[in-house]
Amino acid sequence: MIQNTSFLRNFFLYKCLFALTFWNHVSLSVEDEVFTSVSNNFPEEGSIQKIKSLPLLYTKSHQSKANFGWVVIQNTTESLSLSEITNDNVKKLVALLSNFRQGSRLQNLTLTNVSVNWNALMAIFQTVWHSSVEYFNINSVTQLSNIERYNFDYSGTSMKALTMEKILITDLYFTQDDLYRIFADMDIADMTIADSEMIHMLCPSSKSRFRYLNFLKNDLTDFLFQKCDNLLQLETLILQKNKFESLRKVSLMTSRMKSLRYLDMSSNLLRHDGADVQCQWAESLTELDLSSNQLADAVFECLPVNVKKLGLQNNQISNVPRGVAELKRLEELNLASNRLADLPGCSGFTSLQFLNVEMNSILTPSADFFRSCPRVRELQAGHNPFKCSCELQAFIRLEKRSGGKLFGWPAAYACEYPEGLRGTELKDFHLSRLACDTTLLLVTALLLTLVLVAAVAFLCIYLDVPWYVRMTWQWTQTKRRAWHGPPGDQGAVLQFHAFISYSERDSLWVKNELIPNLEKGEGCVQLCQHERNFIPGKSIVENIINCIEKSYKSIFVLSPNFVQSEWCHYELYFAHHKLFSENSNSLILILLEPIPPYLIPARYHKLKALMAKRTYLEWPKERSKRALFWANLRAAISINLPQANENCYEEID
């Protein structure tokens, strides 16, 4: 606090007089022993009334307060701000406000940081109600005691507007009518109750003069003002940031508000499922804000027919249905931050002048938009993920002919796809005429040719056609040489019971199990093995073909190693070729180890077909079952060869 010296007092008195004379505003903090008696009526204009020891409230950035000996209030003062009001000084506040009777110059009153009980709060409102105050603002209020019925005197007031913000009710159990009825029946033009966790508001008891109601940031629900017939003069209703859920119930709420022009329902939980549900809006409603809700395409089935300005940004709209909404007076439509894939048409919006579709999912906007929407003067379509292609060229040309109707051009219009052009402004994106202006016939012929070539190439790669062509050629050449060779080679004479095809990685099992059990067991079985029966000097392919031709059967030892061997594939192919060319039953399949289907290459489709259609012998892991395995295998290759004799094992030894 500043010491009360004569010099400082005179200096600050001069400063206060200067400020009050030019700004007609006093800002005070109510403290103990602040108020002294002030006459009920101000003296004539130009005279001065003095209030002793009124500390001046500094701005919010300063926490300290300066205490002056005298603060002067002129009778021309129009605005007064008081703060820090408690139960201890509320009577002095009421006494001060009682001096501003109707006819005084004071029109604007602001009370901040009020912490009083219910009756004291009502006394403040009642006193202000009968004063000259026209605009009453009260914020940061804490009500400390139980709420009870209060007989409020609504007669004779100058008040036009009441604003209440951040009202905290500490009483959890009270009759709602005792609280809400006080404010619902205030017959004034404007009322705001914001950021106060208000859960309900009653319909006025009689025809109300309310023209403006603002219930921003509360907890109001769909039950508000249902079947309320006493808000006939209401023009503006703001219900932003509440908990409304049903768009249909909101429409019914407005249906009895015959003068309603503006409705703000943004940032709620609104949905509309359609399902032939009829909505009924106030016919006078011309401006509606439904942004930041949970509305989808069905919202266009529930809109006021006379609306001129409609906000639907930040919802879940993916399409504007054609022929659903007939909003012939709609002039401004905001669909930003939705899920639109294209520009909406104007078949139902014949008067549309402003359209905002920014931040949607539009890749290639329709080039005929301005043709279908001739009255549109401004289109905001920037910040979409544009796909720079031939189709987009038409939209870019449209901008040049639109006469500057694209808002934000060119900075807000950039390529998103393809990745190589990302960030390129549309004005800098160009394609040659040859790249886009091709005839339909040429495009069709080219596409068919490409599809045909791709199909043939795919089949060739998938079926390994080049490999089979090469193998067929080698088979043919080998047969031709055998036909024109020495007489002993012209006719294939069976010399072996079976030719064995296996992977080198499975050779231990073949040499230790298969050959000993067949050649040294019962009967005389002659096996053809590449290590001992291939003829030196001949190619491997010729040896494979000759061995298969001279063998009654072909035994294939299948395993994961088998399908990874290129030579095993050759042997399987030639044996399969013999199977079909001679119509014989010469293949024997032995499954040494299970083969997962994903390990079989695509070109082994014949192996897949053989395993699916033919019975194969599976090598048993249990020794007790192996005798049956060998018996079945001998039975499969049992035949008397013309060359078989007693010394059939001599070659093997």
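Taking the Cα-to-Cβ direction at L269 and at R397 and moving 7 Å from each Cα, how far apart do the two end points lie in nm?
5.1
Would you be so kind as to identify which of N117, H200, T170 lies farthest towards the positive end of the dipole of segment 108-213, taking Lys and Arg as +1 and Asp and Glu as -1 on Cβ and the Cα centre as origin?
It is H200.
7 Å from Cα along Cα→Cβ at both V443 and K258: what's the point-to-point distance in nm?
Between V443 and K258, the label points sit 5.9 nm apart.
At 0.36 nm per residue, and after removing the present C-alpha to C-alpha distance, how many nm does the segment from R322 to L172 gain when stretched out fully?
Length difference between fully extended and current span is 49.0 nm.
Within the set of other residues whose C-beta is less than 11 Å from the C-beta of L106, count the net charge using Lys and Arg as +1 and Asp and Glu as -1.
Taking every other residue near L106 into account, the sum is 0.
Compute the signed sum of charges (Lys and Arg +1, Asp and Glu -1) over the other residues within less than 11 Å, Cβ to Cβ, of I193.
Combined, the nearby Lys, Arg, Asp and Glu give -1.
Only bridges whose two residues both fall in segment 72-188 count here: according to DSSP, what percent of them are antiparallel, nearest 5?
5
Which residues does a label at L494 reach in segment 547-570, if reach means a backbone N under 20 Å from a point 7 Å past the Cα toward the Cβ?
Only 547-556 fall inside the zone, counting backbone N under 20 Å.
Pulled fully out, how much extra length does the chain show between R209 and N151, if you take 0.36 nm times their separation in residues and subtract their Cα-Cα distance? Numbers along the way, then the final one.
Numbers: separation 58, 0.36 × 58 = 20.88 nm, distance 2.03 nm.
Roughly 18.9 nm would be gained on extension.
Once you have the Cα-Cα distance between K243 and D368, take 0.36 nm times their residue separation minus that, and quote the gain in nm to one decimal. Before the final figure, lay out the partial values.
On the way: separation 125, 0.36 × 125 = 45.00 nm, distance 4.03 nm.
So the chain would gain 41.0 nm between K243 and D368.
Of D178, D229, which has the most accessible area and how do the rest follow, probe 1.4 Å?
Greatest to least solvent exposure: D229, D178.
What ranking of F407, F496 comes out by heavy-atom accessible area, probe 1.4 Å, highest first?
Details: F407 95, F496 25 Å².
Solvent-accessible surface, decreasing: F407, F496.
Work through the residues other than D222 whose Cβ is under 13 Å from its Cβ and net out their charges, Lys, Arg +1 and Asp, Glu -1. Mind dumping the intermediate values first?
Working: positive: K227, K243, R248, K249, R271; negative: D219, E245.
That works out to +3.
Using a simple spin-label model with points 7 Å from Cα along the Cα→Cβ vector, what separation in nm is obtained for N119 and A411?
Each label point is offset 7 Å from its Cα along the Cβ direction, giving 6.2 nm.
The values are calculated or read from the model by the stated rules, or taken from the named source; none is laboratory data. In this text the structure is predicted, and so the values were computed from the model without any measurement. Heads up, the Cβs are rebuilt from the backbone with ideal geometry, glycines too, and the neighbour counts pull from every protein chain shown. Note: accessible area is taken over every heavy atom of the protein model, side chains too, but ligands, DNA and RNA are not part of it. Shrake-Rupley method; radii C 1.70, N 1.55, O 1.52, S 1.80 Å.
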